Amino acid sequence: MGAVTKRFFIGLVIFAIASLAFLGSVGQKASASVSWGQEVTEVAKRYHGVKYKWGGTEPKKGFDASGFTQYIFDHSAADIKLPRTALAQYKTGKAVSKNELKEGDLVFFNTNGKGVSFAGIYLEKGKFIAVTVSKGVSIQSMDSKYWKTKYVGAKRVLKH
């Protein structure tokens, strides 16, 4: 057997083995899957740093808090149409206690002294992502002095 024929034969065997391995994997489901909550929060994180704009509902011009949550839920694979305002969003979904929060839950705050006025998306371990005037889209801690005193409640709109 010549050197060229030998290399061709070895290449053919490697190709055959790789083809069989590929064909054996076709139709198998992945062993790990992303949850709806992970999907929503990963999409939200893509907009980190987008500026705040009062009444804003899109990344190019900026977001306000409820415009951000509305945009993320609508533009993620969850494809959920949320109402426009934080108060209207607070009236949707299923209420969940603080100790039952899951990734992708909506969290609500009273930032103006007049009831629900601010919305964010819960991440995990007491963190949420939202749009603030000073930082734009950023990750916040629910345990910070400011947010701890403003917390109103949370709602689950995703199927977990």
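The values are calculated or read from the model by the stated rules, or taken from the named source; none is laboratory data. Remember, predicted model here, so these are calculated numbers, not experimental data. Please note: Cβ atoms are built from the backbone with ideal geometry, for glycine as well, and neighbour counts cover all protein chains shown.
For the reader, a short list of remarks on this structure follows.
- Of the residues making up segment 109-142, those that are farther than 19 Å from residue 36 by Cα and either among the polar types (S, T, N, Q) or out of contact with any strand residue (DSSP E or B) (no Cβ under 9 Å at 6 or more places or on another chain) (or both) are 110, 111, 112, 113, 114, 117, 132, 134, 138, 140, 141.
- Strands (runs of 3 or more DSSP E) lying entirely in segment 66-160 (those with 2 or more residues that are free of Cβ contacts under 8 Å to residues at least 40 places away in the same chain): 127-132, 136-141
- All positions within segment 113-134 that are touching a Phe, Trp or Tyr at 6+ places or on another chain (Cβ under 8 Å) and either over 23 Å from residue 49 (Cα atoms) or not polar (S, T, N, Q) (or both): 116, 118, 119, 120, 121, 122, 128, 130, 131, 133
- Members of segment 72-107 found to be within 21 Å of residue 55 (Cα to Cα), over 11 Å from the mean Cα position of the chain (by Cα) and among the hydroxyl-bearing types (Ser, Thr, Tyr), listed by number: 85, 90, 92
- Filter pass, residue 106 being buried (at least 19 other Cβ atoms within 10 Å of the Cβ), at pLDDT 95 or above and either closer than 17 Å to residue 37 by Cβ or hydrophobic (A, V, I, L, M, F, W, C) (or both): yes
- Candidate set: segment 53-76, residues that are modelled with pLDDT of 95 or more and polar (S, T, N, Q); chosen: the one nearest to residue 105 (Cα to Cα): 69
- Residue match in segment 51-66 (condition: of a type outside the set (Ser, Thr, Tyr), under 18 Å from residue 37 (Cβ atoms) and in contact with a strand residue (DSSP E or B) (Cβ under 8 Å, 6 or more places away or on another chain)): no
- Failed condition for residue 50, given (1) in contact with a Phe, Trp or Tyr (Cβ under 8 Å, 6 or more places away or on another chain); (2) surrounded by fewer than 16 Cβ atoms within 10 Å (Cβ to Cβ); (3) of a type outside the set (Phe, Trp, Tyr); (4) over 22 Å from residue 150 (Cα atoms): (2)
- Segment 146-160: number of residues that are surrounded by fewer than 16 Cβ atoms within 10 Å (Cβ to Cβ), more than 17 Å from residue 85 (Cα to Cα) and modelled with pLDDT of 95 or more: 3
- The single condition among (1) farther than 15 Å from residue 153 by Cα; (2) at pLDDT 95 or above; (3) not hydrophobic (A, V, I, L, M, F, W, C) that residue 79 does not meet is (2).
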